[in-house]
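Here's the structure we're looking at; comments come further down.
The values are calculated or read from the model by the stated rules, or taken from the named source; none is laboratory data. Since the model is a prediction, treat every value here as computed from it, not as a measurement. When we count neighbours, we look across all protein chains shown, and the Cβ atoms used for this are built from the backbone with ideal geometry, even at glycine.
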Amino acid sequence: MAIMHAAKALLLPVVGSLQVIRLHHPQKLWNVLRNGSHLSAECLFRWKMKLLRLLQSKVQCGREEGDDRHVWSWFLVDDGTHWVCCDDRTPCVFVDVQRAGPSTGLPTMPAQGDMMQARWGSHGDYGIIALCPNSPQECFDLTIRAFNLAEQFRVPVMLMMDECVGHMIERVIIPPVHEIQIFQRRSYDGPKKDLLLFHPDSNLVPPMVKAGEGYQIHVTGLTHDERGYPSMTVDTQAKLVTRLVNKLRVNADTIVDYREDSVEGADIVVVTYGITSRTAIPAIEQARKEGMRIGHLRLVTAWPFPEKRIRELASKVKAFVVPELNLGQMVYEVERVAGGKASITHVPHAGGTVHNTKEIYAAIKHSVKG
């Protein structure tokens, strides 16, 4: 609900995958889905591609009164997300309310098992942004930020919720619309004959144009030059992909967001995100009452990963404790960046419910003892 209110504040519709099929495609397909008939994997894949192409077409046409940016049910269309969206084409936001998997798994029960899928769901090299709210208020606030980041960097932004946060009922403060900061889409305003559709500005992100206004536009999933035309050379591949990755890497300091509690002078830092950041608090407080020096680092931005801060802390603390509702995903990023300077204790959970606070407390106490 908080996400829907945020979308409304931005004058954007919230669109789910099956709703798009129903509204924009033949009634026959909707009847097939509604009646529970089986679709082959190939057929379903084709329709997923059409959904993503529909999204891309709306953005390229620049319908700014709400039709150009959408919140989509990402996990249903991930196989086409990056093909359509990651190559500077389609600013958009995908919402993933994570449930226990794999496959259908445990519907309406929590997990955090999609974190690596959000980052590495496609083949090839590219950048991605993923945000992790831990409350209804943050669902609202981070939805606004997600759209602003998508527009600023022309990249999909993943809103990585979990079932607990998705079903949580808390007060949400919605500010007046005029107080909400919105990143205005940067548009090309030069001569039409001089347009290079994918020529970047100094921040490595190309401005956009609107289809139908007389510009010569060519968009392809192939490796392409700055005009947008296929260029099947090693040099073009290196230039294009390096820029797609670097446009987020060089701007990581402005994208990365996290919350800290008593990390300075701590012996142990607990690294959390999403609902686990809340279930870890009683364990942290209990350890502090017993005299242990425990810090808490909550990842608001999961991708790009806050490498700089983890690296700084790794040289100061004894250990990191990483509880998460999966059997090991973000813990490997902490381990990679720490580079052996601090020990790592993982507190895994296969999902279906949240951690027992005692498990997190036991991990903290174990790390203190070394």
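You will find that of Gly340, Gly328, the residue that is surrounded by fewer than 23 Cβ atoms within 10 Å (Cβ to Cβ) and farther than 22 Å from Ala100 by Cβ is Gly340 and no other.
Taking Val317, is it crowded, with 20+ Cβ neighbours inside 10 Å and either in contact with an Asp or Glu (Cβ under 8 Å, 6 or more places away or on another chain) or part of a strand (DSSP E or B) (or both)? Yes. Taken over segment 127-171, the criterion of being under 15 Å from Lys247 (Cβ atoms) and not acidic (Asp, Glu) is satisfied by Gly127, Ile128, Ile129, Leu149, Ala150, Gln152, Phe153, Arg154, Val155, Pro156, Val157.
More than 22 Å from Tyr258 (Cα to Cα), small (Gly, Ala, Ser) and either crowded, with 16+ Cβ neighbours inside 10 Å or in contact with a Pro (Cβ under 7 Å, 6 or more places away or on another chain) (or both): is that true of Ala100 in this structure? Yes; evaluated as a whole, the condition is true for this residue. Tally up the residues in segment 85-127 that are within 23 Å of Pro323 (Cα to Cα) and β-branched (Val, Ile, Thr), please. Selection size over segment 85-127: 3. Within segment 188-225, the set of residues being among the polar types (S, T, N, Q), at pLDDT below 90 and in contact with a strand residue (DSSP E or B) (Cβ under 9 Å, 6 or more places away or on another chain) comprises just one member, Thr220. Restricting the first member to segment 242-271 and to residues that are under 30 Å from Phe183 (Cα atoms), and the second to residues that are exposed (fewer than 13 other Cβ atoms within 10 Å of the Cβ), the beta-carbon pairs closer than 7 Å and six or more apart or on different chains are Val245/Asp125. Only a single item in (1) in contact with a Ser or Thr (Cβ under 7 Å, 6 or more places away or on another chain); (2) hydroxyl-bearing (Ser, Thr, Tyr); (3) under 29 Å from Met116 (Cβ atoms) is not met by Tyr273, and it is number (1).
Of everything listed in (1) closer than 29 Å to Pro102 by Cα; (2) surrounded by 24 or more Cβ atoms within 10 Å (Cβ to Cβ), the single unmet condition for Glu359 is (2).
What tally of residues in segment 178-207 results from selecting those that are buried (at least 16 other Cβ atoms within 10 Å of the Cβ) and farther than 20 Å from Thr242 by Cα? Adding up the residues that qualify gives 3.
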